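Any read-out appearing in this document is the output of simple, stated calculations on the displayed coordinates, not a laboratory observation. Note that the structure is a prediction, hence the values are computed from the model and not measured. Here Cβ is always computed from backbone atoms with ideal geometry, including for glycine, and neighbour counts include all displayed protein chains.
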C-alpha cells in the first residue's frame, strides 16, 4: 500500500500537458484504484483491457474492447469511475468508446 501511494504521488507531481500523456497518467492512477476497490476478477474482466486515448476539454476518452463492455461499464461503473477521476482532476468525466465506434468514425473521414 505504501508503494502504491508513492506511485500516485509521483504521477500527480508530473502534471503532463500533452493530452495523450495526461490521459495515460490519470487512467493509470484510476485503474489502480479500481483494481483495489473492485478486486482482481472484476478489474480484469472490465477495466484491464481499457486503453486511454486522450483528454479533451472535460472528458477522458477510453477505448473498451467491444460495444457490450462500453455499455456495461457505463451502466454499472461510470459513477465510480467519474468519482475517482474527480479525485485526480476537477471536472473530468469518462467517455467509454468501443473499437467499432472508433473504426466507423475513421472510415467516414
Which value in nm describes the separation of the simple spin-label points at residue 57 and residue 28, placed 7 Å from the Cα toward the beta carbon?
-> 2.8 nm
How long is the gain from residue 90 to residue 36 if the chain were fully straight, where each residue apart is worth 0.36 nm and the alpha carbon distance is subtracted?
-> 17.2 nm
So, in nm, how far is label residue 44 from label residue 80 when the simple model puts each one 7 Å beyond its Cα toward the Cβ?
-> 1.7 nm
